[in-house]
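See below for the structure under consideration.
The values are calculated or read from the model by the stated rules, or taken from the named source; none is laboratory data. Keep in mind that this is a model prediction, so the values were computed, not measured. Ideal geometry is used to build each Cβ from the backbone, glycine not excepted, and the neighbour counts take in all protein chains shown. Only protein heavy atoms, including side chains, enter the accessible area calculation; ligands, DNA and RNA are left aside. Shrake-Rupley method; radii C 1.70, N 1.55, O 1.52, S 1.80 Å.
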Amino acid sequence: MSRFEIRDKFYLDGKPFKVISGSIHYFRTVPEYWQDRLEKLVNIGCNTVETYIPWNFHETEKGNFNWNGMHDICRFIELADKLGLYMIIRPSPYICSEWEFGGLPAWLLKDRAMRLRCSYKPYLNAVDSYYSVLMPKLAPYQIDNGGNIIMMQIENEYGYYGNDTSYLEFLRDTMRKYGITVPFVTSDGPWSEFVFKSGMVDGALPTGNFGSSAKWQFGEMRRFIGEDKPLMCMEFWNGWFDVWGEEHNITAPEKAAQELDILLKNGSMNFYMFEGGTNFGFMSGKNNEKKTGIVTSYDYDAPLTEDGRITEKYEKCKEVISRYTDINEVPLTTQIRRLEYGEIRCTAKT
């Protein structure tokens, strides 16, 4: 069995390992295209793929779970493993991700006194029940069980929401209780010491989420976590999401590549996103009170477009990655065809 460790650096089987990862959300891409997106992740030079797991995507009604078709997270993990990709899983009850209710199931609100993302006992009981089903499905795929999962995240940008450390400890301990043995991480914005430290918990490596000023952001993280831990940008925002009524957000390929070079020179990183995909089924969320809803497309101006096409940003980032690792490309096995559906006119609205 292999072993992944977090010490002063990341170590895989005792040797230093630089995590070069990309976010692909299985729930935003139809299963027929999972392998195509993963092959293109390999070909840009990444060794790892990251995904959230949205609670409300799998348990739409309390106690009624769906793990089939597009919901088959195990098949996604196995496809990644077949291509030699390691995995970072972010299975926290709340994921944000511009997803409906941040991934929390709406049925939680049947309790009129419900308090979310804290040590409110009915909420903790619901999380425990969910994890008792989810974690045993993931546990066999951990690297120390012969699989490819190397890290899991506790909560998500929790420092922006609260500072209930006992809640974070509950999540950590519950995941361990149900068989999770790989290292844990947290992720928060390094530009605020209060926010960053509020999301930290013993037994988890703090990582950062940001899209620019990489050298300064890593410098701030170093102040907060000390000199004896590795630096990682868990969400390298190489693009951004779109909201209704505004222009499509674009980050220049040259700028993304420049920031990527700084990240890889100083630590590890995860593209957020590598391919954004689509918010199917009205699952696009809302970012804050000042913004309108997120659009159906989650293109994110990522290195791969919403429909999986390679971009200039992909090519420039690939050139940067090639400075830090050998890239062993694989053949693309999925036939991708773009179709012209013509013009659709809106004749009425309600």
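Looking at K255, is it open to solvent by 10 Å² or more (accessible area, probe 1.4 Å) and not in a loop (DSSP other than H, G, I, E, B)? Lay out the reasoning, then the answer.
Numbers: open to solvent by 10 Å² or more (accessible area, probe 1.4 Å): yes; not in a loop (DSSP other than H, G, I, E, B): yes.
Yes.
From E340, E306, which residue is touching a strand residue (DSSP E or B) at 6+ places or on another chain (Cβ under 6 Å), in a loop (DSSP other than H, G, I, E, B) and of a type outside the set (A, V, I, L, M)?
Result of the check over E340, E306: E306.
How about the range 193-226: which of its residues are in contact (Cβ under 8 Å) with a residue 60 or more places away in the chain and either buried (at least 24 other Cβ atoms within 10 Å of the Cβ) or over 26 Å from T251 (Cβ atoms) (or both)?
Residue satisfying the conditions is L205 alone.
Hey, any hits in the range 123-137 for a residue that's hydroxyl-bearing (S, T, Y), farther than 30 Å from D36 by Cβ, touching a residue at least 60 places away in the same chain (Cβ under 8 Å) and not in a loop (DSSP other than H, G, I, E, B)?
Yes, because at least one residue in the range 123-137 is hydroxyl-bearing (S, T, Y), farther than 30 Å from D36 by Cβ, touching a residue at least 60 places away in the same chain (Cβ under 8 Å) and not in a loop (DSSP other than H, G, I, E, B).
Working only within the range 134-169, note down all residues that are over 25 Å from R3 (Cα atoms) and either more than 20 Å from the chain's Cα centre (by Cα) or β-branched (V, I, T) (or both).
Passing the criteria: G162, N163, D164, T165, S166, Y167.
Those residues that are among the small types (G, A, S) and either in a helix (DSSP H, G or I) or touching a helix residue (DSSP H, G or I) at 6+ places or on another chain (Cβ under 6 Å) (or both), I need them from the range 43-73; list them, please.
In the first step, residues of the range 43-73 are kept if they are among the small types (G, A, S); the result is 45, 63, 69.
Answer for the range 43-73, where residues must be among the small types (G, A, S) and either in a helix (DSSP H, G or I) or touching a helix residue (DSSP H, G or I) at 6+ places or on another chain (Cβ under 6 Å) (or both): G45, G69.
For the range 10-25, does any single residue satisfy the condition of being farther than 20 Å from Y298 by Cα, crowded, with 20+ Cβ neighbours inside 10 Å and within 15 Å of the chain's Cα centre (by Cα)?
The answer is yes, given that some residue of the range 10-25 is farther than 20 Å from Y298 by Cα, crowded, with 20+ Cβ neighbours inside 10 Å and within 15 Å of the chain's Cα centre (by Cα).
Taking the conditions exactly as written (surrounded by 24 or more Cβ atoms within 10 Å (Cβ to Cβ) and out of contact with any His (no Cβ under 6 Å at 6 or more places or on another chain)), does C46 satisfy them or not?
Working: surrounded by 24 or more Cβ atoms within 10 Å (Cβ to Cβ): yes; out of contact with any His (no Cβ under 6 Å at 6 or more places or on another chain): yes.
Here the answer is yes, as C46 does meet what is asked.
Within the range 74-98, count every residue that is in a strand (DSSP E or B) and open to solvent by 10 Å² or more (accessible area, probe 1.4 Å).
1
Among the residues of the range 4-27, are any more than 30 Å from F282 (Cβ to Cβ) and small (G, A, S)?
There is at least one residue in the range 4-27 that is more than 30 Å from F282 (Cβ to Cβ) and small (G, A, S).
For the range 170-192, enumerate the residues that are surrounded by fewer than 16 Cβ atoms within 10 Å (Cβ to Cβ), over 21 Å from L263 (Cβ atoms) and more than 20 Å from the chain's Cα centre (by Cα).
Matches in the range 170-192: D173, R176, K177, G179.
Examine the range 147-158 for a residue that is open to solvent by 20 Å² or more (accessible area, probe 1.4 Å) and among the hydroxyl-bearing types (S, T, Y), and state whether such a residue exists.
The answer is no, given that none of the residues of the range 147-158 is open to solvent by 20 Å² or more (accessible area, probe 1.4 Å) and among the hydroxyl-bearing types (S, T, Y).
Which members of the range 329-350 meet the condition of being of a type in the set (S, T, N, Q) and either in contact (Cβ under 8 Å) with a residue 40 or more places away in the chain or surrounded by 10 or more Cβ atoms within 10 Å (Cβ to Cβ) (or both)?
Residues satisfying the conditions are T333, T334.
Just to be sure, is P331 closer than 14 Å to N43 by Cβ and under 20 Å from the mean Cα position of the chain (by Cα)?
Criteria not met by P331.
Which one of G293, G285, G276 is within 12 Å of D242 (Cβ to Cβ), open to solvent by less than 20 Å² (accessible area, probe 1.4 Å), among the small types (G, A, S) and touching a residue at least 24 places away in the same chain (Cβ under 8 Å)?
One residue alone meets the criteria, G276.
Might you check whether a residue that is more than 29 Å from V243 (Cβ to Cβ), surrounded by fewer than 17 Cβ atoms within 10 Å (Cβ to Cβ) and either touching a Leu at 6+ places or on another chain (Cβ under 7 Å) or among the β-branched types (V, I, T) (or both) occurs anywhere in the range 118-127?
Checked against the condition, which is being more than 29 Å from V243 (Cβ to Cβ), surrounded by fewer than 17 Cβ atoms within 10 Å (Cβ to Cβ) and either touching a Leu at 6+ places or on another chain (Cβ under 7 Å) or among the β-branched types (V, I, T) (or both), the range 118-127 yields no hits at all.
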